[in-house]
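This report refers to the structure that appears directly beneath it.
Values in this text are rule-based calculations from the coordinates and carry no lab data. In this text the structure is predicted, and so the values were computed from the model without any measurement. Quick reminder, even Gly has a Cβ in these numbers, built from the backbone with ideal geometry, and neighbours come from all protein chains shown.
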Amino acid sequence: MRLILTQEVSGLGTPGDVVEVKDGYGRNYLMPRGLAIAANRGTEKQVATIRRARDVREVRDVGQANEVKKQLEALNVQLSARTGEGGRLFGSVTTADVAEAIVRAGGPSVDRRKIELSGAIKSTGSHAVTVRVHDEVSANLEVDVTPA
């Protein structure tokens, strides 16, 4: 089955990519979640629009990506969350929370879909976070979660 990705899918591609996947994966997972649309002649115009939007958002080259990486790794990111007994959080810290904390710490605006958590952040303390700045460049930073 040929599909056009509308959002980034880890291990498959980025928005605007035309991919070939198994029928069940496309029909039961990608299309219902809005991650992809069926590829046909009429969707070529949509592909061009998606690619233009992606080009505007993405970091242009590796040199610029390395500058953004240096900015991110120099940050001291603090996040406060409601906690219960023993430092356990009510809920967990999401990638959107991390993206907001990066901006509050004075860093560049980062798309939440580019942030990878090593695991669910459900306790206070320091946690490792990876930000995919570019296909070839990733920034590793520490997020300190404190009780609110």
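Structure data summary
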{"item": "Quarter of Cα convex hull surface for region 62-147, i.e. mean projection, nm²", "result": "5.1 nm²"}
{"item": "Taking region 62-147 and dividing mean pair separation by its residue count, relative contact order in percent (alpha carbons under 8 Å, at least six apart)", "result": "37 percent"}
{"item": "Contact order normalised by residue count of the chain, Cα under 8 Å, 6+ apart, percent", "result": "20 percent"}
{"item": "Reciprocal of mean inverse Cα separation for the chain (Kirkwood radius, Å)", "result": "17.2 Å"}
{"item": "Contour excess over end-to-end distance, with Cα ends at Glu44 and Ser126 and 0.36 nm allotted per residue", "result": "25.0 nm"}
{"item": "Region 2-57: Rg to Rh, with Rh as the Kirkwood radius over Cα pairs", "result": "0.95"}
{"item": "Of the trypsin sites (Lys or Arg not before Pro) in region 47-130, those whose Cβ has at most 11 other Cβ within 10 Å and which sit in DSSP loop", "result": "Arg60, Arg82"}
{"item": "Calculated FRET efficiency for the pair Asn66/Arg104, C-beta based, R₀ 22 Å, to 0.05", "result": "0.40"}
